[in-house]
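Everything below concerns the one structure shown next.
Where a number appears in this text, it was derived from the coordinates with a stated rule and is not lab data. Bear in mind that the values here come from a model prediction, so they are computed numbers and not experimental data. Please note: Cβ atoms are built from the backbone with ideal geometry, for glycine as well, and neighbour counts cover all protein chains shown.
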Amino acid sequence: MDAKEIAAFKKALLSLRERLMGNVNSLHGEALGKNRQDAAGDLSNVPFHMADLGTDNYERDITIHLMENESEAVRSIDQALAKIEQGTFGVCEGCTKKIPKTRLVAIPHAGLCLECQKKEESEAGAS
Ligand SMILES: [Zn+2]
């Protein structure tokens with residue numbers, strides 16, 4: 001990922017954080033799939049296509065889930081911002097592999113790749 005992409009993700013994270021702090025309702029609208037491009041913030045100049053976004057129900061569920069855990073979401077955004085500063089943004093906390101860019105566009109503060117996220121959720125559900 002180059003500096004320009006990182007900068008775009010940082011911007012998206014900051015605007016997402018702002019919205020989480022201020023108004024959960026706007027996030028709700030986005031979760032229902034009104035305008036994904038707007039939801040991702042100012043990423044229009046990033047050199048990959050928004051059409052490639054993972055817009056499946058799983059990603060949407062996460063967004064809805066996040067609304068219920070607002071402070072948790074803000075915390076993970078802060079972590080993602082810290083990772084940008086440390087240069088470890090986009091690396092999965094579970095398997096240390098790179099998180100796919102499409103996932104990061106949908107969820108800029110994702111700390112886990114989809115596989116690790118699913119694993120964590122199934123483990124949480126089993127207990
Ligand atoms: Zn992983």
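For the stretch 85-119, the set of residues classified as charged (D, E, K, R) and either in contact with a His (Cβ under 7 Å, 6 or more places away or on another chain) or under 18 Å from Ala73 (Cβ atoms) (or both) consists of Glu93, Arg103, listed by residue number.
Taking the stretch 1-15 as the range and being touching a residue at least 12 places away in the same chain (Cβ under 8 Å) and not basic (Lys, Arg) as the test, the residues that pass are Met1, Glu5, Ile6, Ala8, Phe9, Ala12, Leu13, Leu14, Ser15.
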